[in-house]
Every structure is written in structure tokens, then in C-alpha cells.
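K.L.:
Quick one: this structure, given as C-alpha cells, is what I'll be asking you about.
Every number in this text was worked out from the coordinates using simple rules, so none of it is lab data. Predicted, not measured: the structure shown is a model, and the values here were computed from it. Quick reminder, even Gly has a Cβ in these numbers, built from the backbone with ideal geometry, and neighbours come from all protein chains shown.
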Amino acid sequence: MPTPATTDEARARLRRALSLRRGPGQVGAAVLLGLLGFAVAIQLTDATDVLSRASRADLVQILGGLDTRTDQLEAELRRLEQTRSELQAGAGDSEAALAEARARLDTFGILAGTEAAEGPGVSVRVADPQGSVRAVAVLGAVQELRDAGAEAIQIRGGPDRVVRVVASTPFADLPSGGVSVGDVALSPPYLLEAIGDPDTLQTALGIPGGAVASITAGGGAVDVRQADRLLVDALHELTEPTYARPAPPADGG
Amino acid sequence: MIPVLGLVAGIVLGIVLDVTVPSSVQPYLPIAVVAAMDALLGALRATLEGVFDDRVFVVSFVSNVLLAMLIVFVGDLLGVGTQLTTAVVVVLGIRIFTNAASIRRLLLGA
């Protein structure tokens, strides 16, 4: 060092250097310092990108960690997708089961007479000018219709008197004349409406010695008409069975 | 005073302009900054000792920066870039501390 500096000298020199006086070569130094500041600033603003400044070893380690994490996440993804597909399949199954149950409910409702039914069939008008048509004759006609495959039957006899005929519907003669069907007193003419194959039903009623023949022989008059669309909308009131209970299936399946 | 203004202006420009460092320069910029800081402290010490010479400062500044970047560049080519970067930073860091200690002694006498 050519100049052994003292503290006072050094401070004086610093003060001089920091003064606004334009010293020799200060512009060049200013340019270089400007470059330095510029570099520091952009390096600092760029420092958010950690990866670009990480060493190769660090990058390898980070990459390994990411691979492990990716594997974990992919495994979780597969697990969740499997769960989702299981849930979707389960939902589809239960929907199908529900639709099937509804269809069966409709079927049973029609069979049990608790649901209105419509479809092609025949309407049988039984006139009784001599008061000679008994319950047996009406029941005979109903049996013929059932044998011919009628799926829903109702009997109309008088204003607002209509009875859905189901398996347990009783037929009885009334002392005053007329017929009681399902504990409803009907008066002639009776109108039987049956849903089924119209041709088959009409043929079944018309066989020699059958229902129509016996009613006619007894003094009644029968008029059978086919219909493309009948509405059987009388409903049967279900009663809870007192003694009968559903039996368990005979075998496991 | 003018160099200090230049430094401030450079920092402000670097912040305002939002320049993205090119990836080819990326590994060398920190080393260049450290080398420049070393030259800067050397210049400050020389100023306090009354031996500051602007030509010497410019040459030492530029050569320091270029040499540091060159060493790291060669190290990258040889596959020891990380180690050489560390070596350069250590050497420059020692020089910076030495210069800083001298400046402290000059200004504070301790």
C-alpha cells in the first residue's frame, strides 16, 4: 500500500468520493455499477424460479420426489376411479331393479284390481227383461271371460254401480231380484267389460252351451261388442289377509 | 456520487424493466454479480486508501466478471460446474470479506 491511510484521511476521501463533484473516471465506474445493479435486480426478481437456479443434484432429487408423488397420486386416482365405476354400476343396478319392481307392481295391481287398466277387449251387455238372470249366469259369463284370458273385468249395473271383478269377488242373488257382485247390488242391464284378446273373448262367450247360450235360454238377452280400447277403472279394495302369510321360499334361491 | 447514482439507476431499471434472464446466461449471472461485488468493494477500499484509479477499476471489474463466468463455463463443460461455482464463490467471498474488513478498519479504525 503506497499510502498508509489513517481513519481521518479515509473518511475525507470517502466524503470527497461521495460529493457531487465529478471526479476523474467516475462515469465509467457509474456505468459498471449500473450494470451491477441491473444484474442484481433482475437476478432478484427472477429468483422466484427456484428450479432454474437449482443444481443438477438438487434437480435429480426434486425429480425423484415428484416421481414418487406422481405414483402415489396415480394410485389414488385409480382407486377413486374404481370406486366411482363401482358406484355407477351400483346405481345402474338399483335403477334397473326399481324399474322392474315398478313394472311388477303395475302387473300385480292390475291382477289384484287395485289399478285401473285399459286395452282392447269386449263389452258384454246382458239385458234381463224377464228378471230371470241369476247370479250363477253372470258368474258363468265371468268365468268364460277368465278362461278366455281376460285380464281385467268390471261389471256395471245401474248408475254409478260398477264393481271390479277379482278372484275373491262374491256373486249372489238378491231377494228383490238383481245380482249382488262384490257386495254391491246391481240391477239389469249388466254391462261386463273385459280386457283381453277381443276375438278370443267373443268366441269363448259364443260357444254352444256356453254363457251366452245359457243366459239367452233363461230369458236374458246378450249383446257382445268388441272394442279397441276399454277402460276398466273400478278399483278393488284390498283387505289385509288375516291368516295367510307369505311363506318362505322352498329353497335358498 | 455519480457511481452511486449509476448503481441506483441500474437497480431501478432492473426492477422496472422486468427482464427475464436468458437461460444461456442463467448459471453465470449470480457468479458475475459476486465477482462485480468483489471488484466494487476493492474499488471502495482503494478509494479510501487514496489509490483509486478508474482505469484499474474498469479493467478489474470487467476481467473479474469475465474470468468468473469463464471458470464456471469451463467447469460446466468439464462436468464440474457445480464444484467450480462453489470454488469461485468461496474465493470471491474471502476477498469480499477481506476488503470489507479493510474498509471497516479504514473508516472506523477498528
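K.L.:
Can you divide the C-alpha Rg of segment A:27-112 by 2.2 N^0.38 Å and report the result to two decimal places?
P.N.:
Values: Rg = 32.5 Å, N = 86, 2.2 N^0.38 = 12.0 Å.
The reported ratio for this selection is 2.72.
K.L.:
Let me ask you something else. Enter the mean number of other protein chain beta carbons within 10 Å of the beta carbon of each residue in B:76-82, as an integer. Could the numbers behind the result be given before it?
P.N.:
Values: counts 1, 0, 0, 1, 0, 2, 4.
For peptide B:76-82, the averaged partner shielding equals 1.
K.L.:
Scanning chain A for helices, which whole DSSP H stretches are 15 Å or more long along the axis (Cα) and average 1.6 or more by Kyte-Doolittle?
P.N.:
Details: long enough: A:7-18 (16 Å, -1.06); A:26-45 (28 Å, 1.86); A:56-112 (81 Å, -0.32); A:135-147 (18 Å, 0.78).
Helices meeting the span and hydropathy rule in chain A are A:26-45.
K.L.:
Using 7 Å Cα-to-Cβ label points, what is the residue A:245/residue A:132 separation (nm, one decimal)?
P.N.:
With each label placed 7 Å out from Cα toward Cβ, I get 5.3 nm.
K.L.:
Let me ask something additional. Among A:147, A:160, A:197, determine the one that fluctuates most according to a GNM of chain A built with springs between C-alpha atoms less than 10 Å apart.
P.N.:
A:160
K.L.:
Most fluctuating residue of A:70, A:114, A:203 in a GNM of chain A with Cα springs under 10 Å: which is it?
P.N.:
Of A:70, A:114, A:203, the most mobile in the Gaussian network model is A:70.
K.L.:
I've got another one for you. Is there a simple number for the mean count of other chain Cβ atoms within 10 Å of the Cβ of residues in B:14-22, and what is it? Write down the numbers at each step before the final one.
P.N.:
Working: counts 13, 7, 2, 4, 4, 6, 4, 8, 0.
Partner-chain Cβ atoms within 10 Å, mean over residues of B:14-22: 5.
K.L.:
Additional query: Using only the alpha-carbon atoms, what does the protein assembly as shown span along each of its principal axes? Please give whole angstrom values in decreasing order.
P.N.:
So the three principal-axis extents are 154, 48, 38 Å.
K.L.:
Stretched out fully, how many nm does the piece from residue A:100 to residue A:57 gain, at 0.36 nm a residue minus the Cα gap?
P.N.:
On the way: separation 43, 0.36 × 43 = 15.48 nm, distance 6.42 nm.
Length gained between residue A:100 and residue A:57: 9.1 nm.
K.L.:
Here is a further query. Between segment A:132-146 and segment A:210-236, how many Å separate their Cα centres?
P.N.:
9
K.L.:
Take every Cα pair under 8 Å in segment B:24-108 that's 6+ residues apart, average their separations, divide by the length, and report that relative contact order as a whole percent.
P.N.:
Working: 72 pairs, mean separation 34.5, N = 85.
Worked out over segment B:24-108, it gives 41 percent.
K.L.:
Per-residue mean of other chain beta-carbon atoms within 10 angstrom of the beta-carbon, peptide B:31-39? Don't jump to the answer; show the numbers that get you there.
P.N.:
Details: counts 0, 5, 7, 0, 1, 7, 2, 0, 3.
Counting Cβ atoms of other protein chains within 10 Å of each residue's Cβ and averaging gives 3.
K.L.:
Further, regarding this structure: On C-alpha positions alone, give me the angle between the axis of helix B:54-78 and the longest principal axis of chain B, in degrees, nearest 10.
P.N.:
Approximately 30 degrees, to the nearest 10.
K.L.:
Using a 10 angstrom cutoff on alpha carbons, build the Gaussian network for chain B and name the most mobile of B:14, B:79, B:42.
P.N.:
B:14
K.L.:
Shifting gears a bit: Modelling each spin label as a point 7 Å along the Cα-to-Cβ direction, I'd like the residue A:185/residue A:143 distance in nm, to one decimal.
P.N.:
2.7
K.L.:
Follow-up. Please sort A:90-102, B:26-38 by packing, taking for each peptide the average over its residues of neighbouring beta carbons within 10 angstrom, highest first. Don't skip to the answer; put the middle values down first.
P.N.:
Values: A:90-102: 10.0, B:26-38: 20.8.
My ranking of the peptides, most packed first, is B:26-38, A:90-102.
K.L.:
Next up: Please report the projected area of segment B:24-108's Cα convex hull averaged over all directions, in nm². List each step's numbers first, then the result.
P.N.:
Numbers: hull surface 21.6 nm².
Mean projected area for segment B:24-108: 5.4 nm², to one decimal.
K.L.:
Fewest to most neighbouring Cβ within 10 Å: what's the order for A:235, B:78? Before the final figure, lay out the partial values.
P.N.:
Numbers: A:235 16, B:78 10.
Listing A:235, B:78 from fewest to most nearby Cβ atoms yields B:78, A:235.
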